[in-house]
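The values are calculated or read from the model by the stated rules, or taken from the named source; none is laboratory data. Source: prediction; values computed, not measured. Heads up, the Cβs are rebuilt from the backbone with ideal geometry, glycines too, and the neighbour counts pull from every protein chain shown.
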Amino acid sequence: MSQSLLKAEHVKISFGNVHALRDVSLEILPGEIHCLAGENGCGKSTIIKIISGVYQRDGGTIEFDGKKLEKISPIDAINMGIQVIYQDFALFPNLTVAENLALNTELASRKKTVSWKNVRKIAEEAVAKINFDVDLDEKVEKLSVAQKQMVAISRALMSNARLIIMDEPTTALTKKEVNSLFKIILKLKEQGIAILFISHKLNEVFEISDRFTIFRNGEMVATGSTKDLDDKKFTYYMTGREFNDQIFVPENMSEKPVFELKNLTLEGAFEAINFSLRRGEILGITGLLDSGRTELALSMFGLKPADSGEILKEGTPIKITNPRDAIEHKIGYVPEDRLSEGLFLTQSIGDNIIISEIDKLKKKNGQFDLKKRDEEIKRWVAELEIKTKNPDNPATTLSGGNQQRIVLAKWLACNLDVLILNGPTVGVDIGSKHDIHMVLQKLAKQGLGVIIISDDLPEVIQNCNRVLVIKNGKIRSEYDTQKVSEQMIIDDMM
Amino acid sequence: MKKKVKKIFQSNEPYIFLIIIILGIVVQIRSGQFFTGNNIVDLLSAMIVPGLFAIAEFMALISGGIDVSFPALASLSAYATTKILLDKGYEGNVFLAFLIAVLIGALLGAINGYFIGYLNLNAMIVTLGTSSIFQGFMQGTLRANQLSVIPQGMKKFGTDSFITATNKVNGLSSVLPYTFLILIIVCALMFFVLRYTIFGRGIYAIGGNALSAHTAGFNVKRTKFIMYIIIGMIASIGGICRVCMMQQCHPTNMLGMEMNIIAGVVLGGVALTGGAGTLTGCMLGTFLIILVQNSMILLGIPTTWSDVFVGLVIVIGVSLTALQSSRTSRSKKKAVKEGA
């Protein structure tokens, strides 16, 4: 057996009474792409922080390159060649690309002054390593997410990295960008750099990794060669449950459309969008990140009112110029970034649920009816199986999947006719994703018109009966999801 | 080249500069007195103390913090210094005054720095608190009242002329004292520190993303601590300049300057959220405020209206900035679309 690059055995850590890692082991071979998977809260991020010296473990051993590691600081880890690319990239948005690339090297050299010539030289070397074409004088805040990630990768390569840890690097990327990221990862592998790739998307794990390790609830449940892994096993290891994904078949579709768009146009975003949605139907809308799909969602909900065209509800034209109009017409919207747009994170779970129907929860004299409030909250927590001990806890205490459910509950409490969801399961783990899909299918069967905007094609195909593909702001094609393959949709998207 | 020009016009500075020029022309047309030697000298000399304060505030804002205690800090250290020198009957030159003031300023700044840096408390709250403490200490413990005589050396430094300009029409002449040189020197030093030292880049880095700065290896706490010490030192220098130029030491007349200074710096394009802004913008914004305040008289507007006009300039200026940034982000989006 070949010498391993990193060998962590029986690592334990707890924070207060919470055992974040009970007993995990992780072995990474030199120059391999290793995938670490697990649901949110399984301890993936914790082990990274232990390896990179941010946390100190309570027990177990870690060997890097044959040497036992005792207490290490983040700087020690970097000096040994361990680099972490966090989800937020840890870049400085207000500084230029060049400075972001050079700052660590400059700091490490312990100089007191900055030579801008030197900064440029370091930066040019850094981008040359992965043939990354970028304006070095541009401020990082003006770059796209993919570009920022490239900057972070280039920076990581500056310090003779032996192991690069990427924490869910594909979350905010489009398909195209994921592909080019994978090319770079393979190139790094050729240079003998080991990659620890954190992900919970199974297609990515299969595509890129040589070996895998899966954690669940702070314990290692499986490790081995990716070749021996399949969908079923993967999902089972991740969640400890077995799922039977149901393909959505509409029942009780209404005769007449509940919601229609006619020639809806927003300059610079999308033009002449036509479609109709019936009750009981789930319509998928897909396209690349910049195709105009998000703007379309925002227009339907009145956040970015369209310039021209008509929106019809039950056959009559309606005006939607702000979200209040949309809510009045019983149209709800679950935003892409539920954390910033959909939730009051520091407020209680209960208040988040009732916020949209708060007008209805009053007594005759106009006073807020606390009893009714509690009943509503109880009802929705039960209906959507939100996992919380106490609905008075702030929404921050919930996992991504449960947060998404609150956003759903909030809307369903208003007796909607149409629900628009933008990327409903982005950043949500497999178990919750499955549950959310089931909830949506159930709702559609009860007579809700649902629109799912997503670039997660398996999600669209499994949960929608029809799908529209948008490219450059126009509807490129429409398919019955029973008769379409992922590849056909991808070809239309690109 | 074209790209560079475009980049310049996406920032605030050229617009503030333009507003300054336009305002100058308006005043010139109304009064004929704007582009005269003595008016320019008057403006520059009015700029000295606010300029120094603005530089200090600029640093705090760049790091993502804020300092509202500098007027109280400057008052306390300037008052204490003057009082000490008077009590000792000191007759020498002004250097000792600056030395003592800078030392006191460093000490007071260190108090701010300790709470903000090492204890990681909110800068606004800390400096609001220390501002009260500094004032209370000055008025209570030191029993401050107006000192109408100041030491000889300080008096001389405040009156000696660096540049004198005389208006040929009305025969009025104005003196630009040597304190102006201090502004220039502090400004130049600050430019160097912020651009060419790791410490200075650290301040920008912390303002951009304090957590990343920590993981990149900056000592965030120490950087903040030292920065607030420097802010205290610069503010104290401003305080002494003020005393020298006014020929007397008044314990409270600098208090309340913080709002206009912060407004000027923000007007110059320095983000309240930290990390963004240039020293040029900071100085231009401050100059614009000074200009508006000083031009009221030339325009024949009663000085009681001065606050209203300063307020207007701030609100309009900041709205223009916001408009400007939303426009650039929109045009950029469009460009991306067309490119794709």
Within region A:453-480, track down each residue that is crowded, with 22+ Cβ neighbours inside 10 Å and either more than 27 Å from A:N252 (Cα to Cα) or assigned by TED's automatic domain parsing to the domain that holds A:A172 (or both).
A:I470, A:G473
Matching residues in region B:203-212 - criterion: being surrounded by 23 or more Cβ atoms within 10 Å (Cβ to Cβ) and more than 7 Å from every other protein chain (Cβ to nearest Cβ)
B:I203, B:I206
List every residue pair whose Cβ atoms lie under 9 Å apart, where the two residues are 6 or more positions apart in sequence or sit on different chains, the first residue falls within region A:186-212 and is over 21 Å from A:G43 (Cα atoms), and the second residue, located anywhere, is buried (at least 20 other Cβ atoms within 10 Å of the Cβ) and small (G, A, S).
A:L188/A:A161; A:L188/A:A194; A:I193/A:A161; A:I208/A:S199
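Is one or more of the residues making up region B:112-122 among the aromatic types (F, W, Y) and either in contact with a His (Cβ under 8 Å, 6 or more places away or on another chain) or loosely packed, with under 14 Cβ neighbours inside 10 Å (or both)?
yes
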Looking only at region B:213-235, how many residues end up being surrounded by 24 or more Cβ atoms within 10 Å (Cβ to Cβ), touching a Leu at 6+ places or on another chain (Cβ under 7 Å) and not β-branched (V, I, T)?
3
Quick one: which residue in B:Y90, B:Y79 is in a loop (DSSP other than H, G, I, E, B), of a type outside the set (K, R) and either more than 23 Å from the chain's Cα centre (by Cα) or under 15 Å from B:C241 (Cα atoms) (or both)?
B:Y90
Mind listing just one residue for me: the one in region B:163-182 that is more than 20 Å from B:Q248 (Cα to Cα) and either surrounded by 13 or more Cβ atoms within 10 Å (Cβ to Cβ) or of a type in the set (S, T, Y) (or both) and, of those, nearest to the chain's Cα centre (by Cα)?
B:I163
Any residue at all in region A:197-206 that's among the charged types (D, E, K, R) and within 19 Å of A:M158 (Cα to Cα)?
no
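Yes/no per residue for (1) within 11 Å of another protein chain (Cβ to nearest Cβ); (2) closer than 19 Å to A:H34 by Cα; (3) without any contact (Cβ under 8 Å) to a residue 40 or more places away in the chain:
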{"site": "A:L103", "(1), (2), (3)": "yes, no, yes"}
{"site": "A:K112", "(1), (2), (3)": "yes, no, yes"}
{"site": "A:K117", "(1), (2), (3)": "no, no, yes"}
{"site": "A:D135", "(1), (2), (3)": "yes, no, yes"}
{"site": "A:T170", "(1), (2), (3)": "no, yes, yes"}
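In region B:213-232, what residues are more than 28 Å from B:F98 (Cα to Cα) and either in a helix (DSSP H, G or I) or away from chain A (no Cβ under 14 Å) (or both)?
B:A213, B:H214, B:T215, B:A216, B:V220
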Subset of region A:110-120, residues exposed (fewer than 14 other Cβ atoms within 10 Å of the Cβ) and of a type in the set (S, T, N, Q), comes to A:S115
Of the residues B:G256, B:G275, which is within 14 Å of chain A (Cβ to nearest Cβ) and not in a helix (DSSP H, G or I)?
B:G275
Here are B:V193, B:V102: which of them is within 14 Å of chain A (Cβ to nearest Cβ) and under 21 Å from the mean Cα position of the chain (by Cα)?
B:V193
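Table: residues versus (1) among the β-branched types (V, I, T); (2) outside any helix (DSSP H, G or I); (3) touching a residue at least 60 places away in the same chain (Cβ under 8 Å).
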position: A:A272; (1), (2), (3): no, yes, yes
position: A:F275; (1), (2), (3): no, yes, yes
position: A:T294; (1), (2), (3): yes, no, yes
position: A:K304; (1), (2), (3): no, yes, no
position: A:P317; (1), (2), (3): no, yes, no
position: A:R324; (1), (2), (3): no, no, no
position: A:Y333; (1), (2), (3): no, yes, yes
position: A:L345; (1), (2), (3): no, yes, no
Matching option when the condition is surrounded by 15 or more Cβ atoms within 10 Å (Cβ to Cβ), within 30 Å of B:I198 (Cα to Cα) and touching a Pro at 6+ places or on another chain (Cβ under 7 Å), among A:I85, A:I78
A:I85
Just give me the residues in region A:90-101 being facing another protein chain (nearest Cβ under 8 Å) and of a type outside the set (A, V, I, L, M), in sequence order.
A:F92, A:P93, A:N94, A:E99
Step by step: first the residues of region A:57-79, then only those that are without any contact (Cβ under 8 Å) to a residue 24 or more places away in the chain and in a loop (DSSP other than H, G, I, E, B), then the one that is nearest to the other protein chains (Cβ to nearest Cβ). Which residue is that?
A:S73
